[in-house]
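Report on one structure; see the data block that follows.
The values are calculated or read from the model by the stated rules, or taken from the named source; none is laboratory data. Owing to the predicted nature of the structure, the values given are computational and were not obtained by experimental measurement. Here the Cβ is made from the backbone with ideal geometry for all residues, glycine too, and neighbour counts use every protein chain on show.
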RNA sequence: GUGGACGUAGCUCAGCUGGUUAGAGUACUGGAUUGUGAUUCCAGUUGUCGUGGGUUCGAGUCCCAUCGUCCACCCCA
C-alpha cells in the first residue's frame with residue numbers, strides 16, 4: 001500500500017489551531033474597527049465570470065488569474081476558449097461588479113468592508129501567497145465623492161493597527177495628481193511614461209537612491225541626468241510633522257493645474273487626518289509613494305512598521321476616479337484601502353512580533369474520579385453559563401496525563417475536584433502559566449476564575465509595551 | 001513570464017580528497033510507586049540520502065537528466 005503524500009500546494013498558509021486562534025484574533029480586531037467606523041459587510045463569491053474579471057486584457061492580472069472549469073464544461077470547451085469562470089484575484093474588481101449590479105438598491109456614499117480570500121498564480125516566494133486574505137474598506141460615491149473621505153480611511157487604519165498592537169507604524173501618503181503635475185513640469189507629458197516613472201520612483205525606499213537613479217537614466221527611461229536629479233530631489237521628501245508636510249506643499253510655488261489640484265487635495269487630507277484624531281507621529285507625507293496600479297488617480301497610501309522596514313507595506317490603497325466604468329455608465333468615484341491579512345500575519349510571526357499562542361479554551365475540568373463525572377459536567381456547564389470557555393475531561397485517565405494535555409493544548413486553568421475538595425466544598429484551580437495553584441470555595445469559583453482570566457488578559461495586553 | 005542557488009529523520013543540520021551496518025540536536029512515544037503539566041533523568045521509534053540513469057570493485061559523496069524547493073526580477077497584500 002503506497003500513500004499519496006499529504007501536502008498542500010506552495011503559497012497557501014495552513015495553521016495549527018493555536019496559530020489559527022492568533023490569526024482569527026487579528027481578523028476580529030480588523031473587523032471590529034471597520035464596523036466602528038460605520039462600514040457595512042458584504043461578501044462576494046470566490047468565482048466570477050471570466051468576462052467580468054478580465055476587463056483589462058493582457059495585463060499582469062491575466063497572467064496570474066486561476067481559471068475554474070467543471071469537468072463537464074472542460075469536455076465541452078472548444079480549443080482556445082477561455083474557461084467561463086475564474087477565481088477573484090482581489091476584492092476591488094468584484095466590488096465594482098457588485099456596485100454596478102446592485103446600484104439601485106445601495107445607499108451612497110456606499111461604505112463597505114469585505115474580508116475574504118483571493119487567489120493569484122504567483123511564483124512561490126517567501127511571504128507571497130497564492131491564496132490569501134484581503135481586508136478591504138472602500139467608500140464609493142455616486143457622481144462625486146468628497147476628498148474628505150480620503151482622510152477618513154487613514155483614521156480607520158490608525159485605529160486598526162493601534163488595536164493590533166504591533167508597534168510603531170506610519171501611514172504614508174502622497175497624491176498622484178501632484179506627481180503627474182510635477183512630471184509634466186519636467187517635460188514628461190505622456191501618461192503611460194509617467195506611470196512607469198512613478199513605479200520606478202516608488203522603489204526608492206526599498207532599493208535605494210542609486211539604483212533608482214541608474215534605472216531612470218538608463219536605457220529603459222533615458223531621462224536627462226539633470227531632470228532625474230531634480231525628480232529625485234523632489235521625491236526624496238519625507239515629512240516629520242504635519243507642519244513640515246504643509247510647509248513643503250506650500251513651498252511648491254505656482255505650477256500647472258494638476259500640481260495645484262494635487263496640492264490642494266493633499267493639504268486638505270493631511271489637515272483632516274489630524275482632525276479625525278490620528279496623531280501626527282503616525283502619518284507622513286512621502287513623495288515617492290506611487291503604487292503600481294494605474295487606476296489610482298489621487299491620494300495614495302502605504303503603511304509601514306517603523307521598527308521593521310524590511311516587512312514593507314502592510315496596508316495600502318488609494319483614490320480612484322471611476323470604479324465600475326466597465327460595467328455601468330454611472331460615474332462611481334471611490335477611495336479604498338486593503339490589508340493583506342495573510343501576509344501581515346506571516347510577516348509578524350517571522351519578525352517575532354506575535355505574542356505566544358493561547359487557546360480559546362479557558363478552563364479544563366479534570367477528571368479526578370470517574371464516578372464523579374456528573375459533578376464535573378455540572379461544573380463545566382456552570383462555567384459555560386458564566387461565559388467561560390470550558391472543556392471537561394470525559395475519558396478517565398491519569399491526572400498527569402490530563403495536565404499534560406492541558407499544557408500542550410494551551411489551556412491555562414485546570415480545575416481539580418477530587419475527594420479532598422468535595423469534602424471541603426472547594427475546587428483547586430491550577431494556573432499552568434503561573435505554575436501556581438490555589439483552592440477556592442465552590443460557590444466562589446466562577447467569580448474568582450473570571451477575575452483570574454481578566455487579569456491574565458490585562459497582563460497580556462501590557463507586556464508588549 | 002525571465003534569471004540564479006539548493007535537495008540527507010517531522011524540523012535544524014553533520015557526514016573529510018568516493019571506503020564497513022548513515023549520525024547529532026530537536027520533536028515524538030514510554031518510564032522514574034500515592035492527586036499535578038512544562039523543567040530533570042532513563043529508554044525507544046524515525047530515513048528508497050528528492051527521483052531515474054551513468055562512471056566505479058564500491059556513490060549520500062563524482063557526471064547527466066528530471067522533479068521539487070528557495071532566492072532575485074516582473075508584479076503585488
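For this structure, a couple of remarks:
- Residues in segment A:431-447 that are surrounded by 15 or more Cβ atoms within 10 Å (Cβ to Cβ) and part of a helix (DSSP H, G or I) were compared, and the one that is farthest from RNA strand B (Cβ to nearest atom) is A:446.
- From the list A:21, A:99, the one residue that fits, being away from RNA strand B (no atom under 13 Å from the Cβ), under 24 Å from residue A:338 (Cα atoms), modelled with pLDDT of 95 or more and assigned by TED's automatic domain parsing to the domain that holds residue A:140, is A:99.
- Criterion (under 20 Å from residue A:91 (Cα atoms) and buried (at least 16 other Cβ atoms within 10 Å of the Cβ)) met by exactly one of A:332, A:246: A:332
- Evaluation of residue A:397 against the conditions (1) modelled with pLDDT under 90; (2) within 13 Å of RNA strand B (Cβ to nearest atom); (3) surrounded by fewer than 16 Cβ atoms within 10 Å (Cβ to Cβ); (4) not in a loop (DSSP other than H, G, I, E, B) shows that the sole unmet condition is (4).
- Search result, residues across segment A:347-384 that are surrounded by 20 or more Cβ atoms within 10 Å (Cβ to Cβ) and in contact (Cβ under 8 Å) with a residue 40 or more places away in the chain: A:347, A:348, A:362, A:363, A:364, A:365, A:366, A:368, A:376, A:379, A:383
- Matching residues in segment A:283-314 - criterion: being under 20 Å from residue A:347 (Cα atoms) and more than 13 Å from RNA strand B (Cβ to nearest atom): A:306, A:307, A:308, A:309
- Among the residues of segment A:378-394, some residue qualifies, meaning at least one is away from RNA strand B (no atom under 16 Å from the Cβ), at positive phi and touching a helix residue (DSSP H, G or I) at 6+ places or on another chain (Cβ under 9 Å).
- Qualifying residue in segment A:401-419 (condition: without any contact (Cβ under 8 Å) to a residue 40 or more places away in the chain, within 9 Å of RNA strand B (Cβ to nearest atom) and farther than 16 Å from residue A:361 by Cβ): yes
- Here residue A:117 passes the criteria (1) out of contact with any helix residue (DSSP H, G or I) (no Cβ under 7 Å at 6 or more places or on another chain); (2) near RNA strand B (Cβ under 10 Å from one of its atoms); (3) closer than 21 Å to residue A:316 by Cα; (4) in contact (Cβ under 8 Å) with a residue 40 or more places away in the chain except the one numbered (2).
- The conditions of being crowded, with 21+ Cβ neighbours inside 10 Å and under 17 Å from residue A:340 (Cβ atoms) are not met by residue A:140.
- From the options A:428, A:342, residue that is within 14 Å of RNA strand B (Cβ to nearest atom), without any contact (Cβ under 8 Å) to a residue 40 or more places away in the chain and surrounded by 14 or more Cβ atoms within 10 Å (Cβ to Cβ): A:428
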